[in-house]
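A quick write-up on the structure given underneath.
The values are calculated or read from the model by the stated rules, or taken from the named source; none is laboratory data. It should be emphasised that the depicted structure is a prediction, and the values quoted were computed from it without experimental measurement. Cβ atoms come from the backbone with ideal geometry, glycine included; neighbour counts cover every protein chain shown. Calculation scope for accessible area: heavy atoms of the full protein, side chains included, ligands and nucleic acids excluded. Shrake-Rupley method; radii C 1.70, N 1.55, O 1.52, S 1.80 Å.
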Amino acid sequence: MPMQKSAPAGHPDAYVASLSGWRQRYVQALREAVLSAAPLSEVIKWGHLVYFSNGPVLLIRAEEERVLFGFWRGQRLRDIEPRLKPGGKYEMATLGLVEGSPLARSTVVALVKEAVALNAALGDPTRLAVPGVST
């Protein structure tokens, strides 16, 4: 059965409120840990939560079967969380969480702090990245 499309939430609180069950619990816990880790701008972009500090840093996207936790410079964060899977543009890497997936708050905080530090040191990952060339 295809997933029913709904209008994207206009505000982060509405996004979380639109979810239910384990996905809502995971998104809320990730969101709280992310916002406690560093000063970030939180917006709804591309239909999900996106966090900015000197460019995009990370995203939280609830899907039908998982919650995706991704970082624009995630390939540089795999020493903190080896389950991050490289893919997409830039140096993107994501972690797909399903119900019961363990992820310590301390790991989330460490990932966010390092991702923000990378953007501070290297600039906006969407402006500086050259496809196929690592820096």
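Has region 5-12 got any residue that is in a helix (DSSP H, G or I), in contact (Cβ under 8 Å) with a residue 60 or more places away in the chain and buried (at least 17 other Cβ atoms within 10 Å of the Cβ)? No, region 5-12 contains no residue that is in a helix (DSSP H, G or I), in contact (Cβ under 8 Å) with a residue 60 or more places away in the chain and buried (at least 17 other Cβ atoms within 10 Å of the Cβ). Across region 28-50, the qualifying residues are those that are without any contact (Cβ under 8 Å) to a residue 24 or more places away in the chain and part of a strand (DSSP E or B), and the one among them that is nearest to the chain's Cα centre (by Cα) is V50. Here A121 meets each of (1) surrounded by fewer than 20 Cβ atoms within 10 Å (Cβ to Cβ); (2) touching a residue at least 12 places away in the same chain (Cβ under 8 Å); (3) part of a helix (DSSP H, G or I) with one exception, condition (2). Evaluate the following for V108: is it in contact with a helix residue (DSSP H, G or I) (Cβ under 8 Å, 6 or more places away or on another chain), open to solvent by less than 50 Å² (accessible area, probe 1.4 Å) and under 22 Å from S20 (Cβ atoms)? Against the criterion (in contact with a helix residue (DSSP H, G or I) (Cβ under 8 Å, 6 or more places away or on another chain), open to solvent by less than 50 Å² (accessible area, probe 1.4 Å) and under 22 Å from S20 (Cβ atoms)), V108 qualifies.
What do you reckon, is S41 small (G, A, S), out of contact with any Pro (no Cβ under 8 Å at 6 or more places or on another chain) and exposed (fewer than 14 other Cβ atoms within 10 Å of the Cβ)? Talk me through it step by step, then tell me what you get.
Working: small (G, A, S): yes; out of contact with any Pro (no Cβ under 8 Å at 6 or more places or on another chain): yes; exposed (fewer than 14 other Cβ atoms within 10 Å of the Cβ): yes.
Answer is yes for this residue.
State whether one or more residues within region 98-112 are closer than 26 Å to R25 by Cβ, in contact with a Phe, Trp or Tyr (Cβ under 6 Å, 6 or more places away or on another chain) and among the acidic types (D, E). Within region 98-112 (the criterion being closer than 26 Å to R25 by Cβ, in contact with a Phe, Trp or Tyr (Cβ under 6 Å, 6 or more places away or on another chain) and among the acidic types (D, E)), the answer is yes, since at least one residue qualifies.
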